[in-house]
Amino acid sequence: MASLWSPGIFLAHVLALLLKALPPVILAETNVYIVYMGDKLHDEPELVQESHHELLADIVGSKEAAKESILYSYKHGFSGFAAVLTKSQEKLIADFPGVVGVVRNRIISSHTTRSWDFLQVPQLVDRISTGHSGAGAIIGVMDTGIWPESKSFRDEGMAEVPSRWRGICQEGEGFNRSHCNRKIIGARWYIKGYEAEFGKLNASDGDEFLSPRDAGGHGTHTSSTATGGLVENASFMGLARGLARGGAPSAWLAVYKVCWATGGCAEADVLAAFDDAIFDGVDVLSVSLGSAPPLATYVEDAVAIGSFYAVAKGISVVCSAGNSGPYPQTITNTAPWVVTVAASTIDRAFPTIITLGNNQTIVGQALYTGKNGDTFHPIVYGEEIVADDSDEDSARSCDSGSLNATLARGKVILCFESRSQRSNTIARRTVLDVKGVGLIFAQSPTKDVTLSLDIPCIQVDFAIGTYLLTYMESSRNPVVKFSFTKTVVGQQISPEVAFFSSRGPSSISATVLKVMDLLLEIVIVFAVLAINVFQCLLQPDIAAPGVNILASWSPASSPAIIDNEARPLDFKIESGTSMSCPHISGVVALLKAAHPKWSPAAIKSALITTASIEDEYGQKTVAEGAPHKQADPFDYGGGHVDPDRAMHPGLVFDMDTSDYIRFLCALGYNNSAISLMTRTRTRCKKSTTFLVNLNLPSITIPELKQNLTVSRTVTNVGPITSIYVARVLAPAGTRVTVEPSVLSFDSTRKKIKFKVTFCSMLRIQGRYSFGNLFLEDGFHVVRIPLIVRTVIDDFYAQI
């Protein structure tokens with residue numbers, strides 16, 4: 001095999017020998033690196049793994065040393081490995097032919113009932129077919145594990161484990177094969193990458209389990225949201241009481257524990273889970289985790305890499321958008337092959353009455369079921385009890401260490417949100433530290449209620465906070481008492497985009513290029529600025545309930561303290577895009593069960609084109625913020641999910657792996673890098689328009705200078721004979737035409753390509769504006785968002 005002895009390989013071997021001769025002190029500092037090698041060369045996993053050992057043996061000296069260094073061999077869905085390497089070894093291995101890239105193992109984090117009724121997904125007993133309950137679909141959940149004893153995961157009525165399933169029930173601490181059943185059909189856990197970063201995990205104190213068992217609760221919550229069975233009379237300490245259920249209660253569940261209650265998820269572990277899930281045979285992957293900006297590129301991001309190969313195998317991958325809103329360009333998990341989910345509210349509220357000493361009452365919101373409901377307590381403003389080593393600004397928002405403990409003891413503290421402190425988390429801890437008995441936190445209006453198991457924590461808006469201040473100033477001995485929280489359904493306008501939900505467009509604005517030097521084949525990273533290529537994508541894709549969601553929980557997590565008694569929680573209310581993600585995963589399982597031949601792209605299209613952009617009262621959806629505003633596609637993507645309509649979308653915008661390869665070509669990845677990713681000879685064709693022509697169920701033009709024509713192709717999945725007519729609500733400042741404007745389908749014509757032409761009517765630099773293109777046949781309404789920003793040539797010369 002003469003090709004193995006290229007000048008680059010020869011030099012790499014020479015450098016490897018030199019590295020082995022260096023003193024040990026130079027090689028002392030090691031880290032975990034992920035060596036990504038693209039698609040597999042062999043179908044046999046053992047041969048793929050052996051190739052990893054042989055490659056690394058040339059660097060570390062022997063196969064034995066290579067086996068010891070490697071934490072994971074990725075050998076099922078794609079090729080690569082995670083290994084403990086020195087920086088010099090990492091640089092050397094990056095130069096080897098066959099290596100797409102080498103990236104440092106990063107730690108990412110989780111993005112942390114009534115909601116299914118709100119979505120009008122009918123209960124299991126009312127469903128007209130098994131497909132409407134997700135039967136036949138397998139949902140894999142990557143999270144903190146599972147509490148298998150939860151009632152949500154009982155297997156009564158579940159079908160036998162399918163013969164196509166190749167997963168395992170991996171044993172460990174407090175978890176054995178008996179904990180898997182006809183509901184939880186597989187469970188794995190991954191810790192090598194995590195421990196390589198933080199050292200051996202000590203699970204003896206009960207804070208974690210070295211097994212698939214969930215110590216934190218997050219994974220149990222997301223799993224039961226997606227596919228939990230029916231549990232009657234479920235509640236969080238009496239609140240939100242009712243029937244708890246997942247979106248696809250008849251779907252099977254596979255658990256991949258990649259995150260740890262002690263904090264974080266290692267990307268090396270996440271990639272290993274993707275690799276196993278592809279082998280195991282899941283149909284849907286629910287991934288409620290990610291990293292905050294700055295975002296890694298698609299060949300450096302574990303979720304993007306793993307999901308690419310999962311989607312290539314027909315697995316739909318659903319990801320959370322992140323909790324860094326309401327600020328723009330904070331969205332994560334932006335690869336076009338995944339479904340990225342924003343968080344929205346539902347119509348359930350938790351009003352809590354505050355009674356003042358003058359018998360006046362005001363209403364806030366909380367999750368308060370503890371003691372002291374009939375007792376008045378003195379109330380004081382944080383600014384008036386400043387600690388000696390703090391200042392009034394810090395005390396106003398109850399920053400850490402800002403309050404005088406003597407003056408705060410036994411009192412309710414009123415604090416106000418500040419720019420540096422948006423939530424009441426720190427304020428609540430501060431009040432606890434000084435032995436306060438309650439917190440009233442004035443903040444920007446939001447329906448997201450923060451849970452406090454220690455002291456009453458009542459959220460009010462600024463107007464009520466100011467009213468309280470007026471009362472306190474006019475009273476000689478101001479006091480307040482709290483009534484227990486009530487659960488109210490149907491009395492608040494929803495859905496709205498949650499305050500915390502990360503917003504688009506994507507913040508990625510760099511393209512990675514590989515430049516091949518004649519001798520060293522050095523990998524060089526170029527930052528390519530001001531082309532906005534990633535902003536041609538709709539981000540996020542869809543919104544789903546993610547605020548105050550009741551679901552199963554791990555009793556091993558922090559217990560509730562009620563009347564000085566610790567009580568473990570079986571159900572808990574949580575908020576985050578981590579909660580909205582499994583809602584979509586459940587809906588995707590329903591679609592998979594009903595339409596098993598649909599591709600991941602077709603399912604994503606069905607979600608987006610049928611989504612709603614109005615609330616329950618027919619008004620345009622609002623996005624929470626400071627201030628609130630009318631929501632747009634950067635807030636909710638296509639809109640709020642409508643599971644019923646998604647089941648019958650009429651038309652879909654379909655794509656396959658070849659489209660995603662051309663997408664990567666358009667971003668600037670070269671032929672050799674993409675050929676390694678796909679193990680097919682790829683020659684990228686230079687195209688300045690492919691990104692806007694990517695067959696997404698949306699059209700985003702970040703730089704409209706004059707006129708631009710883009711194309712889309714739709715596939716008919718409705719009645720064989722159908723006629724759709726185009727209707728346009730153009731973005732402000734543009735004129736939009738569709739050709740042809742009438743699409744006629746029959747038994748021989750199932751796909752039709754059409755063109756959309758945008759003409760700028762502005763003569764000044766514009767901001768993003770939004771519109772919609774509708775394709776209607778009298779029954780189906782297929783809607784895709786239009787997003788345009790006008791950019792004038794030589795703009796500054798015209799000023």
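Odds and ends about this structure:
- Only residues that are within 38 Å of the chain's Cα centre (by Cα) and of a type outside the set (A, V, I, L, M) were counted in region 349-372, giving 9.
- Selection status of L253, assigned to a helix (DSSP H, G or I) and either crowded, with 24+ Cβ neighbours inside 10 Å or in contact with a Lys or Arg (Cβ under 6 Å, 6 or more places away or on another chain) (or both): no
- Residue ID - surrounded by the fewest Cβ atoms within 10 Å (Cβ to Cβ), chosen from residues in region 75-100 that are within 25 Å of the chain's Cα centre (by Cα) and farther than 14 Å from L55 by Cα: H76
- Filtered by the rule that a residue be touching a Pro at 6+ places or on another chain (Cβ under 8 Å), open to solvent by 10 Å² or more (accessible area, probe 1.4 Å) and either acidic (D, E) or not in a loop (DSSP other than H, G, I, E, B) (or both), region 211-236 gives a lone residue, R213.
- One residue alone among T721, T689 is more than 33 Å from the chain's Cα centre (by Cα), farther than 16 Å from S605 by Cα and of a type in the set (V, I, T), and that residue is T721.
- For S204, the conditions (1) within 19 Å of Y72 (Cβ to Cβ); (2) hydroxyl-bearing (S, T, Y); (3) at pLDDT below 95 all hold with the exception of (1).
- Pairs with Cβ under 7 Å, 6+ apart, first in region 237-255 and closer than 21 Å to R213 by Cα, second basic (K, R) and assigned to a loop (DSSP other than H, G, I, E, B): W252/K183; L253/K183
- Contact map, region 746-769: residues that are within 17 Å of V717 (Cβ to Cβ) paired with residues that are open to solvent by 80 Å² or more (accessible area, probe 1.4 Å) and not in a loop (DSSP other than H, G, I, E, B), Cβ distance under 7 Å, separation 6+ or inter-chain. Pairs shown: F754/E739.
- Evaluation of P294 against the conditions (1) modelled with pLDDT of 95 or more; (2) outside any helix (DSSP H, G or I) shows that the sole unmet condition is (1).
- Of the candidates G465, G436, G364, the single residue that is in contact with a strand residue (DSSP E or B) (Cβ under 6 Å, 6 or more places away or on another chain), in a strand (DSSP E or B) and either open to solvent by less than 20 Å² (accessible area, probe 1.4 Å) or over 21 Å from Q492 (Cα atoms) (or both) is G364.
- Of the residues making up region 264-303, those that are open to solvent by 10 Å² or more (accessible area, probe 1.4 Å) and within 20 Å of A254 (Cα to Cα) are D276, I278, F279, G281, D283.
- Scan of region 81-137 for residues that are at pLDDT 60 or above, β-branched (V, I, T), in a helix (DSSP H, G or I) and under 30 Å from G228 (Cβ atoms), ordered by number: none
- Count of region 615-638 residues which are open to solvent by 30 Å² or more (accessible area, probe 1.4 Å) and in contact with a Ser or Thr (Cβ under 7 Å, 6 or more places away or on another chain): 2
- For S722: the one exception among (1) open to solvent by less than 50 Å² (accessible area, probe 1.4 Å); (2) of a type in the set (G, A, S); (3) within 23 Å of A631 (Cα to Cα); (4) out of contact with any Lys or Arg (no Cβ under 7 Å at 6 or more places or on another chain): (3)
- Of the residues making up region 173-187, those that are open to solvent by less than 30 Å² (accessible area, probe 1.4 Å) and not aromatic (F, W, Y) are C180, K183, I184, I185, G186, A187.
- Hits in region 730-743 - residues which are in a strand (DSSP E or B) and either loosely packed, with under 14 Cβ neighbours inside 10 Å or of a type in the set (V, I, T) (or both): T734, R735, V736, T737, V738, E739, V742
- Region 771-799 residues that are at pLDDT 75 or above, paired with ones that are surrounded by fewer than 17 Cβ atoms within 10 Å (Cβ to Cβ) and hydroxyl-bearing (S, T, Y) (beta carbon under 9 Å, 6 or more apart): none
- Flag for T450 being surrounded by fewer than 16 Cβ atoms within 10 Å (Cβ to Cβ) and within 27 Å of P545 (Cβ to Cβ): no
- Answer residue from region 489-514, given it is among the aliphatic types (A, V, I, L, M) and touching an Asp or Glu at 6+ places or on another chain (Cβ under 9 Å) and is modelled with the lowest pLDDT among those: V512
- Positions within region 167-210 being of a type in the set (A, V, I, L, M, F, W, C) and in a loop (DSSP other than H, G, I, E, B), in sequence order: I168, C180, I191, L201, A203, F209, L210
- Qualifying positions in region 333-361 - aliphatic (A, V, I, L, M) and either open to solvent by 20 Å² or more (accessible area, probe 1.4 Å) or not in a loop (DSSP other than H, G, I, E, B) (or both): V339, V341, A342, A343, A349, I353, I354, L356
- The residue that is farthest from the chain's Cα centre (by Cα), among those in region 419-433 that are polar (S, T, N, Q) and open to solvent by 40 Å² or more (accessible area, probe 1.4 Å), is S420.
- Residue list for region 474-497, filter: open to solvent by 30 Å² or more (accessible area, probe 1.4 Å) and assigned to a strand (DSSP E or B): V479, K481, V488, V489
- Residue that is open to solvent by 50 Å² or more (accessible area, probe 1.4 Å), of a type outside the set (A, V, I, L, M, F, W, C), assigned to a loop (DSSP other than H, G, I, E, B) and over 30 Å from S79 (Cβ atoms), where the choices are T330, T375, T369: T375
The values are calculated or read from the model by the stated rules, or taken from the named source; none is laboratory data. If you're wondering where the values come from, they're calculated on a predicted model, not measured in any experiment. Note: ideal-geometry Cβ built from the backbone for every residue, glycine included; neighbour counts use all protein chains shown. These area figures cover heavy atoms from the full protein model, side chains too; ligands, DNA and RNA do not enter into them. Shrake-Rupley method; radii C 1.70, N 1.55, O 1.52, S 1.80 Å.
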